[in-house]
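The values are calculated or read from the model by the stated rules, or taken from the named source; none is laboratory data. Keep in mind it's a predicted model, so treat the numbers as computed, not measured. Note that we place each Cβ from the backbone using ideal geometry, even for glycine, and neighbour counts take in every protein chain shown. These area figures cover heavy atoms from the full protein model, side chains too; ligands, DNA and RNA do not enter into them. Shrake-Rupley method; radii C 1.70, N 1.55, O 1.52, S 1.80 Å.
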Amino acid sequence: METKQGKNPEMERKQQDVTSVLLREERLFKPRKEVADIAYVKDWEAELAAGNDIEAYWANKAQQFEWFAPWTQTLDTSEAPFYKWFVGGKTNIAYNAVDRHVRTGRRYKLALLYVNERGDERKVTYYELYREVNKAANALKKLGVKKGDRVALYLPPCVESVVSMLACAKIGAVHNVVYAGFSVHALAERINDAEAKVLITADGTFRRGQVIDLKAVSDEAVSSCPSVETTIVVKHAGNPITMSDLSGKEVFFHTLVEGEPSECRAERMDAEDMLYILYTSGSTGKPKGVVHTTGGYMVETATTLKDVFDIHDDDLWWCTADIGWVTGHSYIVYAPLLLGTSTLVYEGAPDYPQPDALWSIVERYGVTKFYTAPTAIRHLMRFGDKWPQCRDLRSLRILGTVGEPINPEAWMWYYKHVGNERCPIMDTWWQTETGSFMISPVPTAPLKPGSATKPLPGIHADVVDQDGKLVPPGKGGFLIITTPWPSMLRTLYKDPERYVKTYWEVIPGGVYCPGDIARKDEDGYLWIQGRADDVLKIAGHRIGTSEVESAFVSHAAVSEAAVIGKPDPIRNEVIKAFLILKEGRTGDAHLVEELKKHVRHELGPVAVVGEIVFVQSLPKTRSGKIMRRVLKARELGIDAGDLTTLVE
Ligand code: WT7
C-alpha cells in the first residue's frame, strides 16, 4: 500500500503531479485453452513486439482491404501533430464494408440484426444492405449532396441509421451523427458548426415503453439552421408527426429512396479524406468537432475488433452502445461490417422492460461476443444475480467493456454471472478522439480485474509527470500516447489551434495527452484512475476518483458510487461520496460508519471520507459517464458550465 511520500527528494518535489496509488488488486486470470486455441493473436508478447515498428505493422494490416490505388507512404510526420496515414492511397470504406462481401459467400449472410425493447426485429443480409445503401446514396446525390458536404443524422439506432452513414461514406459525404437524446439546442449547435446541408431524422424513437418524438426536436432545431436544405424523415416509431408543406424541404426516407437504382459507384476517396465529424463535449466551452478520415480509420477499427474480440465467421457481435457515440460508429457499424460479421443493433434500455433485457436478447439470438459499459454492469448488478442466471448465456465467448474504469467488483460480477467464468473480459480503453481501441488485452492475455492491460500492438503509451518525465512503476501520472496511430483524430473541425492546444501541448515532447490519469504496475499493466480534471487532492496526495469509487463499490451494500473532493481546512480536500445502494439496503448512520471503515481498510488512512450521502441517481452524461463536476459545482455553489450532455 502506497500511503507515504517517497524519500527521494526529487520524488518529493514531483508529488504534486504524481498521483498516489491506494488500491491493490492481486487477482490474475490466465486464458482458457478453448479461447486460446482459436485466437488470432496466439502470442500476445510477440504481437506486441511486432507492433514496435508501427509503419510496418499497420501497413501489413492495411493489406486486408481493397485499395483502388496503393499508398506511397505509410506515415507522414512532416506536419506533426497533423499526421497523415497511407498517403496517396485511394479507397472507400463503405465499399470495403459492404460491396466487397457481396462478391463472396457472405452475400446472403446476416449483416444487421435490429432488435428493440418491444421485441421487434429486422434482419438485413449483406446483399440487402448493399442495395439499400446504394439507393440511399443515389437519393442523396439527387438532393445535390456531393463529396465533402456534411449530412447531419439525428436518428435512433435502426437499420436506416446504418444505411444513411454508409450511404454518405459511399458518395464521400461527411456524416455528423448527433445522439437522438440530445436537446434542440445541442442538435442545432452541431448542425450549425458542421454547416450540414441535409438532416436525416425520424418520427420517433422507443424509450422505456414510450415513443419520444424526434421530429418535433428536429423541426425546432432546423428553424435556426440556415444551412439545412432538406430534412429526410425515417418512418420508424409510427408516432403522428406533421410534415412541412413546403415542397421539397421535407421528404420521407422511403419516398426518397423508392425507385432509385440499387447500384451506385463508390466515390474514390483519398485515405485522408474526411469520413465523419463527431462532436464530443469538453467540460467547458463549446463541443469539439472530432474529425476522422478514411483509410487509417478503416484499418485500425477493423484490426482492433478482429484481434481483441477474435471475430470469426460464425460470430454474432453485439455492442450495446448507441450509434450516436463513437463506440457505435466504430464498433456497431464500421468495424463489424468491414470484417463481414453480423452486428446486432439494439434500440432500448438495459433494464427495460425487466433487468434481464440484455440477457434475454443474448439468449434469444445466441450472441457470441458482447460489449457494454461498466455503468450498465454496475446498474444491473443492483437487481441481483438472478436476472442473468435465469437466462441461457452459454453462447457467449468473449465479453468487453468501455467508457470508464471497471472496478474489480463489477468485473468479477460480469465474469461470474454473465460469462460463467468461461469468457475473458476485454477492458478496452479509448476515446472519441482515438477512433479505435488503444489499451486493451487480447483473448490470450492474462487478465487483472480493473486493468485494461497494455497498449495494443502498434500503439505506445506511458505514464509521465507534468514535465513529461516517466514516473516509476506503481506511481500514478498522466497517461500519454507516444506514437501516432492510424485512426487518430486529424483535427478539430474548423479549429486546428484548439486541436494542437488540447491534445499536443499539455505535456512536453510532442506526445498526445488524453486527459486521463493512470499508473503502470510492475508487469507493465496500465490502470486508468480517472480523468485528470476530477482528481482528489488530500493532504498532499493526488488520488484518482476511480480507486475510491472502486473501494465503495466493493462493499456489499453499494451498487454505484461517485466521489468528489470537498474542501477541508486541514487536508485541503476530503472525500465526499454519493452512493446508490443495492435493492433492499437502507442508508442509515450505522451503514455510514461501516462504509467509512471499509474504505479506510481498503485504501489506507489517506483516503479520509468526510461525508457520505445516499442518492437515487447520479448525474451522468447521456452516454452514461458520471459527471463529477456537476456534483462538485453543486457542493461549492458554483456554475457547472456546459450542461447540454447531462441527462435530466
Ligand atoms: C474517456 C473517453 C471511446 C469509447 C467511449 C467513451 C474513459 C473509456 C475506458 C476504460 C477507463 C475509460 C476515459 C477516456 N474511458 N474507456 N476502458 N477504462 N476509462 O468515449 O466519450 O470519448 O470518453 O472515457 O476517461 O478518456 P469518450
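Brief remarks follow.
- Cα gyration tensor category, rounded, prolate or oblate, for segment 440-486 with a/c compared to 1.5: oblate
- ASP245 contributes about 140 Å² of solvent-accessible surface, heavy atoms of the protein only, 1.4 Å probe.
- Calculated Rg and Dmax of the chain using C-alpha coordinates, Å: 24.1, 76
- Working note: Debye formula, equal point scatterers on the alpha-carbon atoms of segment 491-559, no solvent; log10 I(q)/I(0) at q = 0.11, 0.15, 0.19, 0.24 Å⁻¹ is -0.42, -0.69, -0.91, -1.09.
- Magnitude of the charge dipole, the chain, Cβ model with Lys/Arg +1 and Asp/Glu -1, debye to 20: 380
- In the chain, Cα pairs under 8 Å separated by at least six residues give a relative contact order of 15 percent.
- Ordered by 1.4 Å accessible area with all protein chains kept, GLU602, GLU195 run largest first as GLU195, GLU602.
- Under 18 Å of direct C-alpha separation, and excluding same-chain neighbours fewer than eight residues apart, LYS170 reaches these aspartates and glutamates: GLU66, ASP99, GLU128, GLU132, ASP149, GLU160, GLU260, GLU263, GLU267, ASP270, GLU272, ASP273.
- Among GLY468, ALA180, PRO508 - extreme Cα towards positive end, dipole of the chain, charges at beta-carbon: ALA180
- Where a label projected 7 Å from the Cα of GLN64 along Cα→Cβ would reach, residues of segment 417-453 with amide N under 15 Å: 436-437, 442-443
- Dipole moment magnitude, nearest 20 debye, segment 535-636 about Cα centre, only Lys, Arg, Asp, Glu C-beta charged: 460
- Share, in percent, of DSSP beta bridges within segment 535-636 that are antiparallel, nearest 5: 75
- The residues of the chain have, on average, 37 Å² of accessible surface per residue, using a 1.4 Å probe with all protein chains present.
- All Cα pairs of segment 226-315, percent lying beyond 22 Å: 63
- Remark on segment 78-162: ratio of C-alpha radius of gyration to 2.2 N^0.38 Å is 1.39.
- Tensor-based shape of segment 535-636 (alpha-carbon gyration tensor, a/c under 1.5 rounded, otherwise prolate or oblate): oblate
- Estimated from helical segments only, the mean residue ellipticity of the chain at 222 nm is -7000 deg cm²/dmol, where each DSSP H run of four or more residues counts as -39500 (n - 2.57).
- Tensor-based shape of segment 354-448 (alpha-carbon gyration tensor, a/c under 1.5 rounded, otherwise prolate or oblate): prolate
- Accessible surface of segment 535-636, 1.4 Å probe: 51 percent of it comes from carbon and sulfur atoms.
- Stretching the chain fully between GLU497 and GLN354 yields a gain of 46.7 nm (0.36 nm per residue, less the alpha carbon separation).
- Pairwise label distance in nanometres, ASN420 with PHE252, each label 7 Å out on the Cα-Cβ vector: 4.6
- Amide N of segment 193-237 lying under 17 Å from the label point, which is placed 7 angstrom from the Cα of HIS185 along Cα→Cβ: 193, 217-218, 220-225
- Expressed as a whole percent, the accessible area of segment 29-178 that falls on carbon and sulfur atoms is 49 (1.4 Å probe).
- Amide N of segment 215-244 lying under 18 Å from the label point, which is placed 7 angstrom from the Cα of LYS286 along Cα→Cβ: 221-228
- Hits among aspartates and glutamates - C-alpha to C-alpha of LYS582 under 14 Å, sequence gap 8 or more where chains match: ASP385, GLU409, GLU560
- Neighbour-limited loop hits for trypsin sites (Lys or Arg not before Pro), segment 478-551 (at most 16 other Cβ within 10 Å; DSSP other than H, G, I, E, B): LYS494
- Solvent exposure, largest accessible area first (probe 1.4 Å, DNA, RNA and ligands not counted), of ARG268, ARG131: ARG268, ARG131
- Entries in LYS135/LYS197; LYS135/LYS494; LYS494/LYS520; LYS597/LYS620; LYS42/LYS306; LYS369/LYS454 that, when Cα-Cα distance is taken, lie over 24 Å: LYS135/LYS494; LYS494/LYS520; LYS597/LYS620
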